[in-house]
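Here's the structure, in C-alpha cells; my notes come after.
The values are calculated or read from the model by the stated rules, or taken from the named source; none is laboratory data. Just so it is clear, the structure is predicted and the values come from calculations on it, not from any experiment. Positions of Cβ are backbone-derived with ideal geometry, glycine not excepted, and every protein chain shown enters the neighbour counts.
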Amino acid sequence: MKFKLAGNLLRFSNFQKEIEIAAMTVDTAVQSLVERCPDLGPVLLDGEGRVRQVHRLFLNGEILPLHELGHQVGSQDEVAIITAIAGG
Amino acid sequence: MEASPQMLLRPLCPASLTAEVKDRFGELIATCINPGAGERDRTATPFSCELVREAGRLGLTGFTLPREIGGQGRSWREWGMVLHEIGYLCEDTAFPMLLAYLGTLTKLLHQTGRRDLADRYVVPMVRGECLGGFGWSEGHDPFSLQTVIRRDGDGYILDGEKVPIADGLIADVFMIFARSAENGDVMVVLVDRDDRGVEVTPYPAMGVRAAGMARVRFSDVHLNDSRMLVRSDGISYGQRFLNERRFEMPCWLLGRMRVLFETCVDELSRRIRFRLPLTEMQTVQAAIGRMYVGMETARLVVADTLERIGRDEQEVLWDPALAVSKYYVVGQALDMCRTAQHVLGGAAVFEARPYSRLIRDIQCLVPIAGTLATLEVDLGVLVTAEIERAVYARNKREER
C-alpha cells in the first residue's frame with residue numbers, strides 16, 4: 001500500500017509525499033511508516049501509540065475513522081493522511 | 001424593528017433575542033462596561049473580579065451550561081447570537097472576547113464529567129467566581145512545546161512558560177498544555193494561580209487591553225494527580241477550545257464591525273467638505289459601499305455557521321466551516337479598519353474619538369487568535385486533498 005502525506009506532515013517525512021509500505025492492515029502500516037520515518041512518530045501518534053485525533057485518514061478517498069484502523073489493505077490501496085491544526 | 005426584504009442592514013439575530021440581551025445585560029454594559037472602557041484601555045487594567053461576578057450572576061458565564069449546576073441551559077447557537085449582540089452594545093471589545101473564552105473553558109471542564117472538577121472549578125466558574133485561563137501559546141508549534149511536565153512520585157512537576165494567556169492577570173486556574181518528559185506526548189493539567197512556583201506578569205497588547213493579557217511562568221510547580229486533565233494527545237484536546245473560538249469570535253466581532261461601520265458613516269454624513277457632507281463624495285460613497293459589502297458578506301458567513309451549529313453538524317476538533325468563518329470575518333474586519341482610516345483621516349487616530357481603540361482591538365485579533373495564514377494553509381491542504389480524492393475515485397470508477 002501507499003501512504004500519501006501533505007501539508008505540515010511533510011516536514012517530518014523528509015518531504016516524501018508518497019511512501020510505499022508492505023502491510024496487511026492500516027494500523028500495522030502506520031507502525032511501519034513511523035519506523036521508516038521516526039520523526040513522524042511523535043507527530044502522528046500519541047504517547048500510547050494511537051493515531052492522534054487531529055489527523056484524518058482516507059482509504060482510497062473514503063474517510064477511515066480512527067477506530068477502524070484494523071481495516072485490511074492490499075498493494076494497490078492508498079491511505080492519505082491530512083492534518084489540520086491552527087490557533088483559534 | 002423586524003427585518004424586511006428591502007433592508008440593507010439586516011440583523012443577525014431574531015428580534016426576541018436582541019431584546020432579551022438588552023433587557024438582561026444592557027444595564028451591566030451601560031453602567032459597568034462602557035463607562036470605564038477608555039480608562040481600562042489607557043492603563044491596561046483588566047476587568048475587575050466584581051464585574052465578572054456580576055456577569056456571572058446575570059448568567060453570562062454559564063450560558064450554555066446545564067441548569068442543574070447553575071447554568072442557563074441555553075444552546076450554543078443562542079450563545080453565539082448573544083455574543084454578537086453584546087459585541088454591538090458594549091464599547092470594550094475585550095468583554096465579549098473574555099465571555100466567549102470563559103464559557104468554552106468552563107464547558108470543557110464540565111464535559112470531563114469529573115465530580116471533583118465540578119465542585120472545585122466548574123460550579124464557581126458558572127457563577128463567575130472562578131476564572132479559567134487557556135495556556136496553549138508559547139511561540140512554538142504544538143509539536144514543539146517547551147513547557148515540560150515530568151512524573152514525580154504520585155504527582156507531576158511542571159516547568160515552562162505560557163505567553164500570552166488572554167486573561168492571565170485575572171485567571172484563578174490555568175489549563176496548561178505541556179510536553180511529557182517521559183514520552184514526548186502533550187498532557188493537559190490544571191494549575192491554580194496560587195500554586196507555589198506560578199508567576200504571573202502583565203503582557204499587554206496593542207488592543208483588547210482589558211482582557212488581562214499575561215505571561216505565566218511555571219518553575220518547579222508540584223501538582224498532584226487530581227490536576228491531570230488529559231494524559232495523552234493533549235494536542236487534539238486543545239483543538240476543542242480553538243475550534244469553538246473559531247465559531248464565537250466571528251459572532252462578537254461582527255457586532256464590533258457593525259459599531260465601526262455605523263459610527264463611521266454617521267460621522268462622514270456630518271462632516272462638511274466644499275459645502276457638502278463627505279457622504280456626497282463618490283469616492284467616500286464607494287468606500288462605504290465596500291465596507292457594507294464586507295460587513296454583509298461577513299454576516300452571511302456567520303449566519304451560515306449559526307445554522308450549522310444549530311443543526312449540530314460541526315466537527316468537534318477542526319471544522320472547516322468555522323475556520324472559513326473566522327478567516328473571512330477577521331479579514332473583512334481588518335479591511336474595514338483600513339477603509340475607515342482612509343475616509344476618516346485624522347479622526348481615526350485620536351484617543352478622544354471612538355475609532356482608534358476599536359481599530360487597535362480588531363487589529364489584535366490576528367496574532368491573538370492564531371494567524372490567518374495557518375488557517376489558509378490548513379484549508380488549502382484539505383481542499384486540495386478533497387479534490388485529489390474525488391479525482392482518484394472517479395478514475396477508479398472509470399477503470400471498472
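For the reader, a short list of remarks on this structure follows.
- Residue within segment B:252-263 that is within 14 Å of chain A (Cβ to nearest Cβ), in a helix (DSSP H, G or I) and crowded, with 18+ Cβ neighbours inside 10 Å present: yes
- Within segment B:122-146, if we keep just the residues that are under 11 Å from B:Val163 (Cα atoms) and out of contact with any helix residue (DSSP H, G or I) (no Cβ under 8 Å at 6 or more places or on another chain), the residue that is nearest to the other protein chains (Cβ to nearest Cβ) turns out to be B:Ser137.
- Matching residues in segment A:1-24 - criterion: being in contact (Cβ under 8 Å) with a residue 40 or more places away in the chain and away from chain B (no Cβ under 11 Å): A:Met1, A:Lys2, A:Phe3, A:Ala22, A:Ala23, A:Met24
- Residues within segment A:42-65 that are more than 7 Å from chain B (Cβ to nearest Cβ), part of a strand (DSSP E or B) and hydrophobic (A, V, I, L, M, F, W, C), tallied: 6
- Every condition in (1) of a type outside the set (Gly, Ala, Ser); (2) closer than 30 Å to B:Leu268 by Cα; (3) assigned to a helix (DSSP H, G or I) is met by B:Glu351 except one, and the failing one is (3).
- Residue within segment B:207-226 that is over 17 Å from B:Pro46 (Cβ atoms) and in a helix (DSSP H, G or I) present: yes
- Residue match in segment B:123-143 (condition: among the hydroxyl-bearing types (Ser, Thr, Tyr) and in contact with a Leu (Cβ under 8 Å, 6 or more places away or on another chain)): no
- Residue in segment B:283-301 that is in contact with a Leu (Cβ under 9 Å, 6 or more places away or on another chain), farther than 15 Å from B:Arg246 by Cα and of a type in the set (D, E, K, R) present: yes
- Which listed residue, of B:Ile69, B:Ile29, is β-branched (Val, Ile, Thr) and farther than 30 Å from B:Met206 by Cα: B:Ile69
- Scan of segment A:58-87 for residues that are of a type in the set (Gly, Ala, Ser) and surrounded by fewer than 18 Cβ atoms within 10 Å (Cβ to Cβ), ordered by number: A:Gly70, A:Gly74, A:Ser75
Matching residues to (1) of a type in the set (Ser, Thr, Tyr); (2) on the phi < 0 side of the Ramachandran plot; (3) in the same structural domain as B:Arg179 (by TED's automatic domain parsing):
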position	(1), (2), (3)
B:His84	no, yes, no
B:Thr93	yes, yes, no
B:Gly103	no, yes, no
B:Leu108	no, yes, no
B:Gln111	no, yes, no
B:Arg120	no, yes, no
B:Val123	no, yes, no
B:Gly139	no, no, yes
B:Pro142	no, yes, yes
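- Here B:Glu351 fulfils each of the conditions (1) within 24 Å of B:Leu260 (Cβ to Cβ); (2) not hydrophobic (A, V, I, L, M, F, W, C); (3) not assigned by TED's automatic domain parsing to the domain that holds B:Gly294 apart from (3).
- In segment B:272-289, the qualifying residues are those that are without any contact (Cβ under 8 Å) to a residue 60 or more places away in the chain and surrounded by 15 or more Cβ atoms within 10 Å (Cβ to Cβ), and the one that is farthest from B:Tyr328 (Cα to Cα) is B:Met281.
- Residue under evaluation B:Cys337, criteria (1) over 24 Å from B:Asn34 (Cα atoms); (2) surrounded by 14 or more Cβ atoms within 10 Å (Cβ to Cβ); (3) away from chain A (no Cβ under 14 Å); (4) in contact (Cβ under 8 Å) with a residue 40 or more places away in the chain, criterion not met: (1)
- Entry remark, segment B:359-378: residues being assigned to a helix (DSSP H, G or I) and facing chain A (nearest Cβ under 8 Å) number 4 in total.
- Hits in segment B:65-109 (condition: under 17 Å from B:Ala37 (Cβ atoms) and among the aromatic types (Phe, Trp, Tyr)): B:Tyr88, B:Phe95
- For segment B:110-148, the candidate set comprises residues that are in a helix (DSSP H, G or I) and of a type in the set (S, T, N, Q); within that set, the residue that is modelled with the highest pLDDT is B:Gln111.
- Every condition in (1) surrounded by fewer than 21 Cβ atoms within 10 Å (Cβ to Cβ); (2) of a type in the set (Val, Ile, Thr); (3) under 28 Å from B:Glu54 (Cβ atoms) holds for B:Val163 except the one numbered (3).
- Being part of a helix (DSSP H, G or I), crowded, with 16+ Cβ neighbours inside 10 Å and within 14 Å of chain A (Cβ to nearest Cβ) is true of B:Val324.
- Only listed residue being at pLDDT 90 or above, more than 11 Å from every other protein chain (Cβ to nearest Cβ) and outside any strand (DSSP E or B), chosen from A:Asp39, A:Asp27: A:Asp27
- Taking each residue of segment B:379-400 that is more than 9 Å from every other protein chain (Cβ to nearest Cβ) and looking for partners that are assigned to a helix (DSSP H, G or I) with beta-carbon atoms closer than 9 Å, six or more apart or interchain, yields B:Val383/B:Pro320.
- In segment A:66-88, the qualifying residues are those that are more than 9 Å from chain B (Cβ to nearest Cβ) and among the hydrophobic types (A, V, I, L, M, F, W, C), and the one that is farthest from B:Asp141 (Cα to Cα) is A:Val73.
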